[in-house]
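Asker: Take a look at this one; I'll ask things after.
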Amino acid sequence: MVALSLSHRLRRTPFSDGVEASGVKAYTVYNHMLLPTVFRSPAEDYHHLKTAVQIWDVACERQVELRGPDAARLMQMLTPRDLRGMNVGQCYYVPIVDETGGMLNDPVAVKLAEDRWWISIADSDLLYWVKAIAHGWRLDVLVDEPDVSPLAVQGPKADDLMARVFGDSVRDVRFFRYGVFDFQGRNLVIARSGYSKQGGYEIYVEGGDIGMPLWNALFEAGKDLDVHAGCPNLIERIEGGLLSYGNDMNSNNTPHECGLGKFCNTHTAIGCIGRDALLRVAKEGPVQKICAVEIEGPNVPGCDRWWPIMAGGKRVGRISSAAWSPDHNTNVAIGMVRMTHWEPGTEVEVEAPDQTRRAVVREAFWA
Ligand code: THG
């Protein structure tokens, strides 16, 4: 086991004191900020997430805030998803693309007002791209990173826990919608969303000073619900097919290759910077795409580099995320597979670092 050296560059979060007190065992770095990855063990965290309720410090999902008369115009320049039908109170999962149609990020956009948006980003320095576009186009909009730190409450008992702290009306928030709720005299945006398939909420904690008071209130209220600190769980998110930017895809991939074509309306997303490039690739169709892959054999080691997917001695893709799934009793994985081998049921080989394994391309993810 090797340690991560901490310093000012590697930002703590408003919840780091609580995370440490809860016995965090490992971190990763995400948007230059600490992101817990293990509390008890990946498998114990996984079982608990699927049966109880967890509090996640996902402050590293930083916001890029757009504020001003050109905010909506700028937002549409960033994504091929048509935002014209999006109302205040809604969240959209939006691919963000560059001028070649390459994925720069896959955030959640939160529409706070016609002239005020949050882009809740995955792990890439999107702020620079957005600031440069705003400046280069002389747009009337302010772009910055506000003091807003998401805290996720995930798991089947999330509704019960949240109702105890915010009142029963929090139960009425619909998927990918948000409401504004009071905590100690402060208005907080609370959305029904989160990086798991177990259901739950994300609290956009505005003002780091109320981070620990809110953390403590949730733990106090959830004692008899077996509430525990948790974090995005590798096994559960692979089962659910939730993508991890920088791992499963990067700026060399189009949204279509990532299976995010359903979040693109390239014909009607007028103003999107990557629109012309995407219109070209959308017509031809992608030549590779992200697939669920079942890998045979004993528990795979950690996937900290791409593993070649081979067939007939040729490389036909790569595995980017993999883990042993206790519930499915097999290794679950996410891979980028070339079109010659993406048909469900296709048998391939995966060159994992410990051994080469038989694997099968699947029709869909597990959840
Ligand atoms: N929540 C918030 N910000 C985030 C994430 C999040 N920023 C970083 C990262 N996660 C961005 N990536 C994703 C990936 C998947 C989803 C959300 C953000 C997601 N997908 C659902 C799915 O695929 O089933 C729902 C998509 C939909 O139907 O709109 O939730 O988790 N704030």
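The values are calculated or read from the model by the stated rules, or taken from the named source; none is laboratory data. Note that the structure is a prediction, hence the values are computed from the model and not measured. Here Cβ is always computed from backbone atoms with ideal geometry, including for glycine, and neighbour counts include all displayed protein chains.
Asker: Looking only at region 299-340, which residues are touching a helix residue (DSSP H, G or I) at 6+ places or on another chain (Cβ under 9 Å) and among the small types (Gly, Ala, Ser)?
Answerer: Gly302, Ala311, Gly317, Ser321, Ala322, Ala323, Ser325, Ala333
Asker: Could you tell me how many of the residues in region 99-120 are within 26 Å of Leu279 (Cβ to Cβ), part of a loop (DSSP other than H, G, I, E, B) and either in contact with a Leu (Cβ under 6 Å, 6 or more places away or on another chain) or more than 15 Å from the ligand (Cβ to nearest atom) (or both)?
Answerer: Number satisfying all stated conditions: 4.
Residues checked against (1) surrounded by 20 or more Cβ atoms within 10 Å (Cβ to Cβ); (2) within 15 Å of the chain's Cα centre (by Cα); (3) small (Gly, Ala, Ser):
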{"residue": "Tyr178", "(1), (2), (3)": "yes, no, no"}
{"residue": "Gln198", "(1), (2), (3)": "yes, yes, no"}
{"residue": "Glu206", "(1), (2), (3)": "no, no, no"}
{"residue": "Met212", "(1), (2), (3)": "no, no, no"}
{"residue": "Asp248", "(1), (2), (3)": "yes, yes, no"}
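Asker: Any residue at all in region 152-160 that's out of contact with any Leu (no Cβ under 7 Å at 6 or more places or on another chain), hydrophobic (A, V, I, L, M, F, W, C) and surrounded by fewer than 16 Cβ atoms within 10 Å (Cβ to Cβ)? First the steps, then the outcome.
Answerer: Step one: of region 152-160, the residues out of contact with any Leu (no Cβ under 7 Å at 6 or more places or on another chain) are 152, 156, 158-159.
Remaining after also requiring hydrophobic (A, V, I, L, M, F, W, C): 152, 158.
Remaining after also requiring surrounded by fewer than 16 Cβ atoms within 10 Å (Cβ to Cβ): none.
No: region 152-160 contains no residue that is out of contact with any Leu (no Cβ under 7 Å at 6 or more places or on another chain), hydrophobic (A, V, I, L, M, F, W, C) and surrounded by fewer than 16 Cβ atoms within 10 Å (Cβ to Cβ).
Asker: Go through region 159-177 and report how many residues are hydroxyl-bearing (Ser, Thr, Tyr) and within 15 Å of Ala221 (Cα to Cα). It would help to see each step written out before you state the result.
Answerer: First, the residues of region 159-177 that are hydroxyl-bearing (Ser, Thr, Tyr): 169.
Then keep just the ones that are within 15 Å of Ala221 (Cα to Cα); that gives none.
Residues in region 159-177 being hydroxyl-bearing (Ser, Thr, Tyr) and within 15 Å of Ala221 (Cα to Cα): 0 in total.
Asker: Tell me whether region 121-137 contains one or more residues that are assigned to a strand (DSSP E or B), touching an Asp or Glu at 6+ places or on another chain (Cβ under 8 Å), under 28 Å from Leu188 (Cα atoms) and within 13 Å of the ligand (Cβ to nearest atom). It would help to see each step written out before you state the result.
Answerer: Restricting attention to region 121-137, the residues satisfying the condition of being assigned to a strand (DSSP E or B) are none.
Among the residues of region 121-137, not one is assigned to a strand (DSSP E or B), touching an Asp or Glu at 6+ places or on another chain (Cβ under 8 Å), under 28 Å from Leu188 (Cα atoms) and within 13 Å of the ligand (Cβ to nearest atom), which makes the answer no.
Asker: Provide a single number: the residues in region 169-218 that are among the charged types (D, E, K, R) and within 16 Å of the ligand (Cβ to nearest atom). Step through it out loud before you land on a result.
Answerer: Filtering region 169-218 for residues among the charged types (D, E, K, R) gives 171-172, 174, 177, 182, 186, 192, 197, 202, 206, 209.
Now drop any that are not within 16 Å of the ligand (Cβ to nearest atom), which leaves 174, 177, 192, 197, 202, 206.
So the count comes out to 6.
Asker: Please name all residue pairs, on different chains or six or more residues apart, with Cβ atoms under 6 Å, provided the first residue is in region 253-273 and is closer than 15 Å to Asp98 by Cα and the second residue is hydrophobic (A, V, I, L, M, F, W, C) and assigned to a loop (DSSP other than H, G, I, E, B).
Answerer: Here the result reads Pro255/Cys264, each pair linking region 253-273 to a residue that is hydrophobic (A, V, I, L, M, F, W, C) and assigned to a loop (DSSP other than H, G, I, E, B).
Asker: If you check Val281, Val360, Val348, which single one turns out to be surrounded by 15 or more Cβ atoms within 10 Å (Cβ to Cβ) and at pLDDT below 95? Working first, answer last.
Answerer: Values: Val360 fails: at pLDDT below 95; Val348 fails: at pLDDT below 95.
Unique residue meeting the criteria: Val281.
Asker: From Asp276, Asp304, grab the single residue that is at negative phi, exposed (fewer than 13 other Cβ atoms within 10 Å of the Cβ) and under 22 Å from the mean Cα position of the chain (by Cα). First the steps, then the outcome.
Answerer: Numbers: Asp276 fails: under 22 Å from the mean Cα position of the chain (by Cα).
When all the criteria are applied, what remains is Asp304.
Asker: For residues in region 325-345 being in contact (Cβ under 8 Å) with a residue 60 or more places away in the chain, buried (at least 19 other Cβ atoms within 10 Å of the Cβ) and not hydroxyl-bearing (Ser, Thr, Tyr), which is nearest to Val287 (Cα to Cα)? Don't jump to the end; show me each part of the working.
Answerer: Kept after step one, since they are in contact (Cβ under 8 Å) with a residue 60 or more places away in the chain, are these residues of region 325-345: 325-328, 332-334, 336.
Of the ones still in play, those that are also buried (at least 19 other Cβ atoms within 10 Å of the Cβ) are 325, 332-334, 336.
Those still in the list that are not hydroxyl-bearing (Ser, Thr, Tyr) too: 332-334, 336.
Numbers: Val332: 23, Ala333: 20, Ile334: 17, Met336: 10 Å.
Looking at the filtered set, the residue picked out is Met336.
Asker: Here's something else I'd like to know. If a residue has to be more than 16 Å from the chain's Cα centre (by Cα) and either hydroxyl-bearing (Ser, Thr, Tyr) or under 26 Å from Gly222 (Cα atoms) (or both) to count, how many in region 143-154 make the cut? Step through it out loud before you land on a result.
Answerer: Going through region 143-154, the residues more than 16 Å from the chain's Cα centre (by Cα) turn out to be 143-148.
Imposing the further condition that a residue be either hydroxyl-bearing (Ser, Thr, Tyr) or under 26 Å from Gly222 (Cα atoms) (or both) reduces the set to 148.
Total satisfying the criteria: 1.
Asker: Starting from region 167-187, take each residue that is over 19 Å from Trp118 (Cβ atoms) and list its partners that are assigned to a loop (DSSP other than H, G, I, E, B), counting only C-beta distances under 9 angstrom and pairs at least six apart or across chains.
Answerer: So the pair list comes out as Asp182/Gly167.
Asker: From Val38, Val108, Val24, Val97, grab the single residue that is touching a residue at least 40 places away in the same chain (Cβ under 8 Å) and surrounded by 24 or more Cβ atoms within 10 Å (Cβ to Cβ). Walk me through it before giving the result.
Answerer: Values: Val38 fails: surrounded by 24 or more Cβ atoms within 10 Å (Cβ to Cβ); Val108 fails: surrounded by 24 or more Cβ atoms within 10 Å (Cβ to Cβ); Val24 fails: surrounded by 24 or more Cβ atoms within 10 Å (Cβ to Cβ).
Criteria check complete, one pass: Val97.
Asker: Going through region 50-96 one residue at a time, which ones are of a type in the set (Val, Ile, Thr) and within 13 Å of the ligand (Cβ to nearest atom)? I'd like the intermediate steps shown before the answer.
Answerer: The initial filter retains those residues of region 50-96 that are of a type in the set (Val, Ile, Thr), namely 51, 53, 55, 58, 64, 79, 88, 94, 96.
Hits for region 50-96 are Val58, Val64, Thr79, Val94, Ile96.
Asker: Does Val2 satisfy the criteria of being under 23 Å from Gly302 (Cα atoms) and buried (at least 18 other Cβ atoms within 10 Å of the Cβ)?
Answerer: Working: under 23 Å from Gly302 (Cα atoms): yes; buried (at least 18 other Cβ atoms within 10 Å of the Cβ): no.
Here the answer is no, as Val2 does not meet what is asked.
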